[in-house]
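Below is one structure, written out as structure tokens; the observations come after it.
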Ligand code: 2RA
């Protein structure tokens, strides 16, 4: 397959290339694409060096598939141009996720929605992907009425500058605050910008994308997204109210049996998911599974995943694998 990676020099773009290599994806030609300032730089893929090209040139080459991680503005402008040229786009930005004509796909959940007609496919937000990997099998069994989720998000979600800020703060000799919103020894109750309803875009993504992926607007979601000084992945504390009652061990079995989910849940030996151990892995890890005794048919759990992998790059590559496997491209 002739593959373009748009945003190839960014954090997610580099992980997309890494995951394509790890999974031996059949790349016959690779076109690493980035902004003007990166054109001509080199990236290495499968032990070969490739020169980064610009978007105009990339479209003209008519790749079979373009994996985008270059921000919403670039996707809005360029994904249609690639699609027009016959390329199938898998986009990591939020640009197309809530477009009713576009599929919002987590392969383990709804890849079967895809057809060869889909030329722009949306990758859900990282915090949504890990949440839905746990919610979907439980929704199918017990039907979810309401989800309350608090996220504890890795700084890698905001990009390389935040990682550099955290490292600078670690090394900070001086006592004064070098940054207005220090990350080190702090928790910032804001991921992305605030909207007019008092919630951030990140929180509204969790609400809106959950409904779309479950295909059920009756599911109520209340989200709070926090940034914490962690780099390995996002963590989520989740409270779920079901329509039907459940047995905790059944919940553990249903989750463990769902592809891509690993249950780590044994408080006798302090076993539970942590981002430092989820980093670099593709599974979604679930633990602290316990009944919420404050209200009927309700459950608490803790969900952790590497936000750059299953939360972005791996999910996008899995969509691409599905498209190729089903001859949809
Ligand atoms: C974040 N999910 O973590 C958003 C974008 N990657 O900031």
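Just so it is clear, none of the values below were taken in a lab; they were calculated from the coordinates. None of the values given here were measured: they were computed from a predicted structure. All Cβ positions, glycine included, derive from the backbone under ideal geometry; neighbour counts span all protein chains shown.
Working from the alpha-carbon coordinates of the chain, get Rg over Rh, Rh being the Kirkwood radius.
With Rg and the Kirkwood Rh in hand, the quotient comes to 0.98.
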Worksheet item: By how many degrees, 0 to 90 and rounded to 10, does the Cα axis of helix 248-257 deviate from the longest principal axis of the chain?
Response: 20 degrees
Fill in: Of 64, 283, 245, the one that fluctuates the most in a GNM where the chain has Cα springs shorter than 10 Å
245
Worksheet item: With contacts defined as alpha carbon pairs under 8 Å and 6 or more residues apart, what's the relative contact order of the chain in percent?
Response: 18 percent
Worksheet item: Out of every Cα-Cα pair in segment 208-277, what percent are more than 18 Å apart?
Response: 59 percent
Fill in: Rounded if a/c under 1.5, otherwise prolate or oblate - segment 199-329, Cα gyration tensor axes
rounded
Worksheet item: Is the shape of segment 77-156 best called rounded, prolate or oblate, per the rule: a/c under 1.5 gives rounded, else a/b larger than b/c gives prolate, else oblate, with a ≥ b ≥ c the square roots of the Cα gyration tensor eigenvalues?
Response: oblate
Fill in: Relative exposure of 322, 293, judged by other C-beta atoms within 10 Å (fewest first)
293, 322
Fill in: Candidates 105, 163, 284, ranked by Gaussian network fluctuation over the chain, Cα under 10 Å, top entry
163
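Mean shadow of segment 128-283, computed from the convex hull of its alpha carbons, in nm²?
Projected over every direction and averaged, the Cα hull of segment 128-283 covers 11.2 nm².
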Fill in: Degrees separating the helix 126-142 axis from the principal Cα axis of the chain, which is the longest one
50 degrees
Fill in: Sum of -39500 (n - 2.57) over DSSP H runs of 4+, divided by residues of the chain (222 nm, nearest 500)
-9500 deg cm²/dmol
Worksheet entry | Principal-axis tilt of helix 11-22 within the chain, Cα atoms, nearest 10 degrees | 80 degrees
Response to the item:
the chain, Gaussian network, Cα under 10 Å: of 313, 305, 162, the residue fluctuating most is 162
Worksheet item: Across all directions of projection, what mean area in square nanometres is found for the Cα convex hull of segment 15-145?
Response: 9.3 nm²
